[in-house]
Amino acid sequence: MKIFKAPTLARVTGIDGDAVLHEARTLIAKKLDQPSRRAFMQRSLTLGGLSLLTGCSISDNTQVEAALTKISRFNDKVQGLIFSPTQLAPTYTEAEITRPFPFNAYYGENEVREVDEASYKLEVTGMVADRHAWTLAELRAMPQHDQITRHICVEGWSAIGKWGGVRFADFLRHIGADTTAKYVGFKCADDYYTSIDMPTALHPQTLLTLSYDGQPLPPKYGFPMKLRMPTKLGYKNPKHIKAMFVTNTYSGGYWEDQGYNWFGGS
C-alpha cells in the first residue's frame, strides 16, 4: 500500500515556506531594536498568520513587510475592542514603590532635555473649544490626584512608582475637547511623539502627571509633565510634553512608526 504525503507549500506553489518565514523574521529583526520585542514578534509569527491575516502574496520581500504591518494593525484593533474604559489597573502601597525608579528613554540619562519652567506653556490644538496655552501654575491649580501603579516596559522589566497630577479626562472636558474624536496626539520637548485612542484618554487612571513621589516631576521622569497610563506599555507614556492635539487623523508615534504596535496595551 502506498502512503501519500500531504503536498507541501513548496510543492504546490513553488514557495519555500520556511524561507519566507525566515525572511519575515529577518525583517522584524531589522525593524525592532529591543531584543524582547523582537523575540516576541519573531516567535509569534507563523506562515498561516502571515498569509491569513493579510491575504497577500508571500513570495516577495515588499509584501512580507507589508504583511507585518497589517498584522500589527490587526493586533491594534483587537486590543481596542477588548479594552475596558472602566477596568482599573492594579494599585500598590508606598512600601512597594521601586526605589530608585529606573530612568527610561530612547537616549541616555545624560541627554535628558531641560525645559524652562518660567516660560513653559502647554500648547492645545485640534478639536477643542479652548485653545489657550496652559502654564504649569494653571495646571497645578486644577484638582490633583495620586496613583501608585506599575510601569511595564516592552523590554521586559517593570517598576512601581507614585505619580500625581490632573486626571486627563477632567482636563479634556475642561478645555471642551470633542470626546467623540478618535485620537489625542502629543509632541514632546525631546522630539518624541505619540498618539492614543480616546477611550484610553478618558480612562480614570490616565493622568497628566506633574509630580513624582510627592515632589515636582524631575527632569529624568519627564518634567514639566508626562502622560501616565498604567493601562499601556511604557513607550506609550510620553514625557516632556509641550503640545497636545485632539484629532480624527491617525498620527502614529516615534516607536509605532518603526514597527511597534500602536495601541500598546499592557
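Yes/no matrix, rows are residues, columns are (1) charged (D, E, K, R); (2) not in a helix (DSSP H, G or I):
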{"residue": "Arg150", "(1), (2)": "yes, yes"}
{"residue": "Val154", "(1), (2)": "no, yes"}
{"residue": "Gly165", "(1), (2)": "no, yes"}
{"residue": "Leu172", "(1), (2)": "no, no"}
{"residue": "Phe186", "(1), (2)": "no, yes"}
{"residue": "Pro199", "(1), (2)": "no, no"}
{"residue": "His203", "(1), (2)": "no, yes"}
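From the list Lys226, Lys182, the one residue that fits, being surrounded by fewer than 21 Cβ atoms within 10 Å (Cβ to Cβ) and either within 22 Å of Tyr250 (Cβ to Cβ) or among the charged types (D, E, K, R) (or both), is Lys182.
Results for (1) polar (S, T, N, Q); (2) in contact with a Pro (Cβ under 9 Å, 6 or more places away or on another chain); (3) at pLDDT below 95; (4) under 24 Å from Gly234 (Cβ atoms), shown as yes or no for each residue.
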site: Tyr107; (1), (2), (3), (4): no, no, no, yes
site: Glu111; (1), (2), (3), (4): no, no, no, yes
site: Glu114; (1), (2), (3), (4): no, yes, yes, yes
site: Tyr120; (1), (2), (3), (4): no, yes, no, yes
site: Thr125; (1), (2), (3), (4): yes, no, no, no
site: Ala129; (1), (2), (3), (4): no, no, no, no
site: Leu136; (1), (2), (3), (4): no, yes, no, yes
site: Leu139; (1), (2), (3), (4): no, yes, no, yes
site: Gln144; (1), (2), (3), (4): yes, no, no, yes
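If Phe223 satisfies every condition in (1) within 23 Å of Pro100 (Cβ to Cβ); (2) touching a Ser or Thr at 6+ places or on another chain (Cβ under 8 Å) but one, which is the exception? Looking at each condition in turn, Phe223 falls short on (2). Of the residues Leu227, Leu210, the single one that is outside any loop (DSSP other than H, G, I, E, B) and under 23 Å from Asp257 (Cα atoms) is Leu227.
Which numbered condition trips up Asp116, out of (1) free of Cβ contacts under 8 Å to residues at least 12 places away in the same chain; (2) not in a loop (DSSP other than H, G, I, E, B)? Here Asp116 clears every test but (2). The numbered conditions (1) within 21 Å of Leu136 (Cα to Cα); (2) of a type outside the set (Lys, Arg); (3) touching a residue at least 24 places away in the same chain (Cβ under 8 Å) are all true for Gly222 except (3).
Would you pick out the residues in segment 197-245 that are of a type in the set (Val, Ile, Thr) and within 14 Å of His145 (Cβ to Cβ)? The answer is Thr206, Thr209.
The values are calculated or read from the model by the stated rules, or taken from the named source; none is laboratory data. Predicted, not measured: the structure shown is a model, and the values here were computed from it. Glycine also receives a Cβ, built like all others from the backbone with ideal geometry; neighbour counts cover every protein chain displayed.
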